Amino acid sequence: MFRTQLTRHPIAFDPQAARDLLARVEVPSDVRPLVEGVAGCSPYLARLMQREASFLDTVWDQSADAAFAALLAEVEGIEGDPKVALRQAKRRAALLVGLAEIGGVWPVMTAAEAWTRFADAALHKCLTYSVARIAPHLPGVCGGLVAMAMGKMGAFELNYSSDIDLVLLFDETLYDPGDYGEVRVKLLRAARLAMAQMSDITSDGYVFRTDLRLRPDPGSTPIVMSMEAAERYFEAMGRTWERAAWIKARPAAGDLDAGARFLERLRPFIWRRHLDYAVVQEAHDMRLRIRDHKGLTQAWTIAGHDLKLGHGGIREIEFFTQTHQIISGGRDPSLRVRGTLDGLDRLVDAGWVRLDVAAELGTQYRYLREVEHRLQMVQDAQTHRMPKDDEGLRRIACFMGAADCEGFLADLTTRMRGVEGITDPSFRPGEAAPEPDPIEGAEAVTARWDTYPALRSSRARDIFRRLRPAILTALARAARPEEALAAFDDFLRGLPAGVQILSLFEANPVLVDLTADICAIAPDLARYLSGNAGVFDGVIGGAFLAPLPDRYDPAPHDPTDYEGALTRLRLWHREAHFRIGVHLLRGLADPSEAGAAYARLAEATLKACWDVAEAETARRYGRVPGLRLAGLGMGSLGAGRLTARSDLDLVVLHDGAAKDAVSDGRRGLGAAQWAAKFTQVLITALNAQTGDGRLYEVDMRLRPSGRQGPVATALSGFRSYQATEAWVWEHMALTRARAVVGDAQTCVAAEAARNAVLDAGRFDAATVLSDLAAMRHRLEGAGRTGQGLSVKSGAGRMQDIELAAQAQAMLACTGVRATSAQLACDGWLTEVERAILIESYRRLSDAQQVLRLLTPKDPPEDLGTGGDAFLATTLGVSDAADVVRLCDAAATAAAEVIDGALARAGAAD
């Protein structure tokens, strides 16, 4: 029961007013302290208790929740013109919600939610009545008209005397274009009637004041807009404050389904796919404009202070929360919530806000909302300002249950100063640090920076002015600062116009240091970053520098959304790929670990693309009954070691469909044709260059019959070809093959087919080694030679060792795929020879891993001082010259081993 749920009561500021009410209204003794305190503090609630005394009698002996549910049912059951009945329901709701909050039956935010639900019910009743009266024959719910609740109403956070912010839209798809004009006129009339039903002040009062100014361009647009017109506006002209406003938006009355569909279409406008730190400066500017407009820029005291808009106020906490949500919500859907307290909790869970900060802001938000409500309950006034006079301040203290007014005011001041101390630094731009000692030649380079696209706007130049000292300081730490500065100059020149990246840097100084490191060590990677700066988002996600994952899982996507899924996959892959490179660059992963991570990432990406390509091929051509597909990873993909610039060697196999089976699409395709179409779609998905980059180049030359064979091979044909037609070099390549993607049953069958080829006793050692010698001779004749840092081709280099290892695996009849594992098997090489080849391969492979991160060129050109130093450090030698000597020595030792072993076997060419 309500009376047993009471936990507190206010102190009667005006005892006479309390006595007057109790003389007119009989109340149970156990609720008398509450009624007395409320009547002595709030003339408004005293009037309501007197007018609705009979309603109060029904409340005391039931729970607050039950009483409120009965009120909502009354609203829903109103028939005919709701104007009078809604006003009576509003009085009762105001009384119930007010007493429940004041008496501690409901926490303040529960009361705010209840008040909002009452507003929803009242608004829906007015809207449905008005549309039915003005335009009874329009289709759908309310003729497609929906009221979108904004601000506190959208978040279920209405304050006690709040107006309600609405945007009225209609679903134009319900009508023929030629009827738009007539429909809009009718819906405008209905909307005006509904708003009058809500906000007209009569002898019975009003329901809610309505504010329609949050609609697009309110000065020149009607109060009801088509959804299509609103979408066009936001796409072309939507501003940051509108994005923040629409975070809290929800359909509250009318055609709720149409409103939900509109919000889904608006999602890309509200939630940007990259971290959006530019909103921090915009939020700060907005705060300053509001304060200036309201005269809140001076030093403040509690007397006369604005609890909502002033320093340390309610809006500061809401801005803090919404700004962090906008920054990160495009990447993290868990942050897309409407409520302020819910938003703070989600930000803590996602690692964007510290738990102690969120707890403090949450505590003070609830308390400030309580004080705000008491201010408004005094006379049902939409005010947020504390009284200026002593009597008014003492009334609010009593209403909050505080006998010591000075203590209450001091406590409130402390609370708001605490909020100000948290929120103000999060918005206020920092000051520029002093310039460091100049880098040689820096003046000529930095003089042209203002001409670059990223620094064309005054706002961008202001941000960069504050960043510049930290950037130059970080670059000055490089081994050759002038080289690092040149690389940063290339990076800055390539950045697009706008302030997003610079704002990201200002909010996250770690990015300045990382960029300086990359410029000092890997200028080519710095140039890549200028065109793909979105990868920086992942750096500040919390786990960027944690150990690389054992498994990569792309973000969930709808495989039937071909373009959308590939865009999201590219963005995810770009960040994951960059992370591996940074781990190698920072020494968090050694070359071997990086190679395995690149391979795991490629495999996960291939699996995601496979699903998307299969769905897209089915959309175009239908499906072939029983058809199953699998992909064999060949070469380095099959062996589980890739570099930053590796392509993917792939063979596509198909099986399971009946010989005469055709697809069920508009154009029937046989199994082989369908598999070929699928493979073409897959290749395009992987290697097409888009604005979001390319995933991988695909090489399918290792399929049966090479370029002359079909792009997708029947599993039966694959078995037959390997058994009767394949050359020795193709069997050698098969030692590294691995089923990596596709139907599980077909993958097992493909593995079995591979293993059957490599079964014990199948290969003649003399033939295998003779062919190996011939291949080495052909490669040398084709110019496949190398020296120094050209580590892949040439005698004793990586390709040569890989061929020897594959021959070893064939003759040892082993299924292992990695080169070092193949060399570890017994076969045609001695134990000492195998050890030499394993060590040579490790050194050359490590060098290749670093070189492919630093440059796309083979042989590499000048790596710069930073690149040379990084390469030497990673390989454990003193300088770049030692790396060259190390690679040449490894290749020489390996070539001597292979030459000697072939000569011993009588297979030397």
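The values are calculated or read from the model by the stated rules, or taken from the named source; none is laboratory data. Treat the numbers as computed from the prediction; the structure is a model and nothing was measured. All Cβ positions, glycine included, derive from the backbone under ideal geometry; neighbour counts span all protein chains shown. What goes into the accessible areas is simple: the full protein's heavy atoms, side chains included, and nothing from ligands, DNA or RNA. Shrake-Rupley method; radii C 1.70, N 1.55, O 1.52, S 1.80 Å.
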Could you pull out the residue among 198, 148 that is in contact with a helix residue (DSSP H, G or I) (Cβ under 9 Å, 6 or more places away or on another chain) and part of a helix (DSSP H, G or I)?
-> 198
Being within 36 Å of the chain's Cα centre (by Cα) and surrounded by fewer than 24 Cβ atoms within 10 Å (Cβ to Cβ) narrows it down to one of 107, 139, so name that one.
-> 107
State all residues of segment 397-422 that are assigned to a helix (DSSP H, G or I) and in contact with a Pro (Cβ under 8 Å, 6 or more places away or on another chain); if no residue qualifies, say none.
-> 398, 399
For residues that are within 50 Å of the chain's Cα centre (by Cα), among the polar types (S, T, N, Q) and open to solvent by 20 Å² or more (accessible area, probe 1.4 Å), tally how many sit in segment 1-54.
-> 3
Selection count where residues are among the polar types (S, T, N, Q), surrounded by fewer than 14 Cβ atoms within 10 Å (Cβ to Cβ) and more than 46 Å from the chain's Cα centre (by Cα), scope segment 729-776 = 1
Pull up segment 55-77, narrow it to residues that are assigned to a helix (DSSP H, G or I) and over 13 Å from residue 96 (Cα atoms), then point me to the one that is most open to solvent (accessible area, probe 1.4 Å).
-> 76
For residue 119, state whether it is open to solvent by less than 40 Å² (accessible area, probe 1.4 Å) and farther than 22 Å from residue 40 by Cα.
-> yes
Residues that are over 28 Å from residue 803 (Cα atoms) and among the β-branched types (Val, Ile, Thr): which helices (runs of 4 or more DSSP H) entirely in segment 655-765 hold 3 or more of them?
-> 671-687
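Any idea how many residues of segment 419-430 are open to solvent by less than 30 Å² (accessible area, probe 1.4 Å) and at pLDDT 90 or above?
1
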Give me the pairs: first residue in segment 66-92 and free of Cβ contacts under 8 Å to residues at least 24 places away in the same chain and among the hydrophobic types (A, V, I, L, M, F, W, C), second residue open to solvent by less than 50 Å² (accessible area, probe 1.4 Å) and outside any helix (DSSP H, G or I), beta-carbon distance under 9 Å, and six or more apart or on different chains, which are they?
-> 85/78
Sort out which residues of segment 841-886 are under 11 Å from residue 791 (Cα atoms), open to solvent by less than 20 Å² (accessible area, probe 1.4 Å) and in contact with a Cys (Cβ under 9 Å, 6 or more places away or on another chain), and write them in order of number.
-> 844, 847
Among the residues of segment 511-556, which ones are acidic (Asp, Glu) and either modelled with pLDDT under 85 or surrounded by fewer than 20 Cβ atoms within 10 Å (Cβ to Cβ) (or both)?
-> 513, 524, 537, 550, 553
Scan segment 454-480 for residues that are open to solvent by 30 Å² or more (accessible area, probe 1.4 Å) and closer than 27 Å to residue 866 by Cβ and jot them down.
-> 465, 466, 468, 470, 473, 476, 477, 479, 480
Selection within segment 611-647 - of a type in the set (A, V, I, L, M) and in contact (Cβ under 8 Å) with a residue 60 or more places away in the chain | 612, 613, 629, 630, 632, 634, 637, 639, 644
Kindly provide the set of residues from segment 780-817 that are assigned to a helix (DSSP H, G or I) and open to solvent by 20 Å² or more (accessible area, probe 1.4 Å), ordered by number.
-> 780, 781, 799, 802, 803, 811, 812
Only one residue in 336, 315, 331 is modelled with pLDDT of 90 or more, under 27 Å from the mean Cα position of the chain (by Cα) and closer than 28 Å to residue 232 by Cβ. Which one?
-> 336
Which condition breaks for residue 347 when tested against (1) touching a His at 6+ places or on another chain (Cβ under 8 Å); (2) open to solvent by 20 Å² or more (accessible area, probe 1.4 Å); (3) closer than 23 Å to residue 267 by Cβ?
-> (2)
Quick one: which residue in 184, 87, 92, 117 is within 24 Å of residue 231 (Cβ to Cβ) and not acidic (Asp, Glu)?
-> 184
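Per-residue answers, yes or no, for (1) outside any loop (DSSP other than H, G, I, E, B); (2) within 16 Å of the chain's Cα centre (by Cα):
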residue: 514; (1), (2): yes, no
residue: 528; (1), (2): yes, no
residue: 535; (1), (2): yes, yes
residue: 550; (1), (2): no, no
residue: 557; (1), (2): no, yes
residue: 596; (1), (2): yes, no
Single unsatisfied condition, residue 649 versus (1) surrounded by fewer than 20 Cβ atoms within 10 Å (Cβ to Cβ); (2) charged (D, E, K, R); (3) part of a strand (DSSP E or B) = (1)
Name the pairs: first residue in segment 179-192 and under 20 Å from residue 148 (Cα atoms) and touching a residue at least 60 places away in the same chain (Cβ under 8 Å), second residue in a helix (DSSP H, G or I) and small (Gly, Ala, Ser), Cβ to Cβ under 6 Å, at least 6 apart or on different chains?
-> 190/130
Given (1) of a type outside the set (S, T, N, Q); (2) open to solvent by less than 10 Å² (accessible area, probe 1.4 Å); (3) not in a helix (DSSP H, G or I), residue 637 misses just (3)
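Does segment 170-179 include one or more residues that are more than 39 Å from the chain's Cα centre (by Cα) and either at pLDDT below 95 or under 24 Å from residue 269 (Cβ atoms) (or both)? Steps first, answer last, please.
Of the residues in segment 170-179, the ones more than 39 Å from the chain's Cα centre (by Cα) are 178-179.
Applying the additional criterion that residues be either at pLDDT below 95 or under 24 Å from residue 269 (Cβ atoms) (or both) yields 178-179.
Yes; the residues of segment 170-179 include at least one that is more than 39 Å from the chain's Cα centre (by Cα) and either at pLDDT below 95 or under 24 Å from residue 269 (Cβ atoms) (or both).
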For segment 850-888, what are the residues that are outside any loop (DSSP other than H, G, I, E, B), in contact with a helix residue (DSSP H, G or I) (Cβ under 8 Å, 6 or more places away or on another chain), within 19 Å of residue 583 (Cα to Cα) and of a type outside the set (D, E, K, R)?
-> 850, 851, 853, 854, 866, 867, 869, 870, 871, 872, 874, 875
